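J.: Just dropping this structure here.
The values are calculated or read from the model by the stated rules, or taken from the named source; none is laboratory data. The model shown is predicted, which means the values in this text are computed figures rather than measured ones. Cβ atoms come from the backbone with ideal geometry, glycine included; neighbour counts cover every protein chain shown. Accessible surface areas use protein heavy atoms only, side chains included; no ligands, DNA or RNA. Shrake-Rupley method; radii C 1.70, N 1.55, O 1.52, S 1.80 Å.
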Amino acid sequence: MAAKTGSRHLEIVDAALLGAKVVKDASEVVPVLAPLKGTVGIVITILETIRGVKTNKEDWATLGKHLSIQIKGVQEDLSRCPIPHSTTLLLAVNRYEQKLEDILARVRLSASCGWVERHWRYRTDKEEIVELNRDMEITWKDFMVCISTIRE
C-alpha cells in the first residue's frame, strides 16, 4: 500500500506543478494576473523540491534493495556450486562482496538523513544516486573480468 500512496502523492504533486506552471505562463500574458507570477514561482520551486525529495527517497530504497539482493545472490550461488572453489575465486568473491557492502553502507547512510537535510540536499542526492549506481556497475564488471581470468 505504501508504494501506491507514494505514487498517488507524486501524481498529486505533478498535477499541482502543471497547474502552477499554467498559471505562471498565463500571468506573463494576462496583465491582471501579473502579481501572481512571483507567488506561483515560489510554489513551483516548493513543488519541484517535494517531487525531487520523494523521487530520491524511492531511488535510495530501490538501490539499497538491489544491492542487498545482489549480495545475497552471490552468497547463495557460491554455496550451491558443486565444484570446489579455488582460493583465487573465493578472494574475488570476497572482494566483490566487500565492495558491494561498502556501497550499501553509503546508501544506508545517505538514505537515513533527516527530513530537513533530505530537502536541503535533494539535488546532490540525485547525483550521488547516479554515482553509486555507476559504482555498482563498475564493481560488477570488475568482478566479471576477475573471475573470467581464473584458471582452476
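J.: Would you point out the residue of the range 134-152, among those that are crowded, with 17+ Cβ neighbours inside 10 Å and not polar (S, T, N, Q), that is farthest from the chain's Cα centre (by Cα)? Show your work before the answer.
T.: Of all residues in the range 134-152, those crowded, with 17+ Cβ neighbours inside 10 Å come to 136, 139, 143.
Subset that is not polar (S, T, N, Q): 136, 143.
Values: Met136: 12, Phe143: 22 Å.
Per the criteria, the residue is Phe143.
J.: Assess whether Arg8 counts as being touching a helix residue (DSSP H, G or I) at 6+ places or on another chain (Cβ under 8 Å) and basic (Lys, Arg). Talk me through it step by step, then tell me what you get.
T.: Working: touching a helix residue (DSSP H, G or I) at 6+ places or on another chain (Cβ under 8 Å): no; basic (Lys, Arg): yes.
Considered against the rule, which asks whether it is touching a helix residue (DSSP H, G or I) at 6+ places or on another chain (Cβ under 8 Å) and basic (Lys, Arg), Arg8 comes out as no.
J.: Within the range 91-124, count every residue that is among the aliphatic types (A, V, I, L, M) and free of Cβ contacts under 8 Å to residues at least 12 places away in the same chain. Give the derivation first.
T.: Just the residues of the range 91-124 that are among the aliphatic types (A, V, I, L, M), to begin with: 91-93, 100, 103-105, 107, 109, 111, 116.
Still in the running and free of Cβ contacts under 8 Å to residues at least 12 places away in the same chain: 91, 105, 109, 116.
Qualifying residue count for the region: 4.
J.: Among the listed residues Glu131, Glu117, Glu127, which satisfies the condition of being more than 14 Å from the chain's Cα centre (by Cα) and part of a helix (DSSP H, G or I)? Break it down stepwise before answering.
T.: Working: Glu131 fails: more than 14 Å from the chain's Cα centre (by Cα); Glu127 fails: more than 14 Å from the chain's Cα centre (by Cα).
Within the list Glu131, Glu117, Glu127, the selection yields Glu117.
J.: On to the next question. Kindly list, by first and then second residue, each pair from a residue in the range 43-54 that is of a type in the set (Phe, Trp, Tyr) to a residue that is open to solvent by 60 Å² or more (accessible area, probe 1.4 Å), limited to pairs with Cβ atoms under 7 Å and residues at least 6 apart or on different chains.
T.: Short answer, once both residue conditions are applied: none.
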